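As structure tokens, the structure follows; a few thoughts come after it.
The values are calculated or read from the model by the stated rules, or taken from the named source; none is laboratory data. From a predicted model like this one, the values you see are computed outputs, not experimental measurements. Because the Cβ atoms are built from the backbone with ideal geometry, glycine has one as well, and the counts that use them run over all protein chains shown. For the accessible areas, the whole protein counts, side chains as well, though only heavy atoms, and no ligand, DNA or RNA atoms are used. Shrake-Rupley method; radii C 1.70, N 1.55, O 1.52, S 1.80 Å.
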Amino acid sequence: MGSNIVVGVLFQEGTSQVRPPYFNGKHFSHWKVRIETYTMSYDIKVWRVIKKGNLLILPKKDENGQVIVSTDLLDLDNYTDEQSTVITVNAKAKYLLYNAISGEEYENISSYETAKEIWDKLEVTYEEPTK
């Protein structure tokens, strides 16, 4: 009987291969294992960004190989395929974490810029200290 209650709390949202495991502020250690496995199955580069930080952002270059200095961050026309991949992986990491947490948890991490900062904040807040 007691184990059914724990399982019910852990899987409030149900499980899905499409939707990431949901964290509601409880049972962090269990969610952490599930989100790690889910993320690695989704894209190992996304998990790397969450755990270790952003992939290297390469400078944009023109057709002559000269670095382009631009203040327009939304001008994606000049990005190389590698740069577009880096930007996409970073965005996927943040998107995955945002969709895996409750609204209350979002309020605690919404000011962070990178997926690693979000992950680190969740670990510091919810991880039980090692003995």
Tyr126 accessible area, 1.4 Å probe, all protein chains in place, Å² to nearest 10: 60 Å²
To the nearest 10 Å², what's Lys51's accessible area with a 1.4 Å probe? 80 Å²
Between Met40 and Asn99, what is the spin-label point distance in nm, taking each point 7 Å from the Cα along the Cα→C-beta axis? 2.1 nm
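Which GluC sites (Glu not before Pro) in the range 74-131 pass both tests, a DSSP loop state and at most 13 other beta-carbon atoms within 10 Å? Display every interim value, and only then the final one.
Values: sites: Glu82, Glu104, Glu105, Glu107, Glu113, Glu117, Glu123, Glu127; in loops: Glu113, Glu127.
Those satisfying the criteria are Glu113, Glu127.
So, R0 is 30 Å and r is the distance between the beta-carbons of Glu127 and Tyr79; what FRET efficiency does that work out to, to 0.05?
Step by step, r from the Cβ atoms, then E = 0.25.
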Summed residue charge, Cβ within 13 Å of Tyr112's Cβ, Lys/Arg positive, Asp/Glu negative: -3
With DNA, RNA and ligands ignored, accessible area of Val89 (1.4 Å probe; Å², nearest 10): 10 Å²
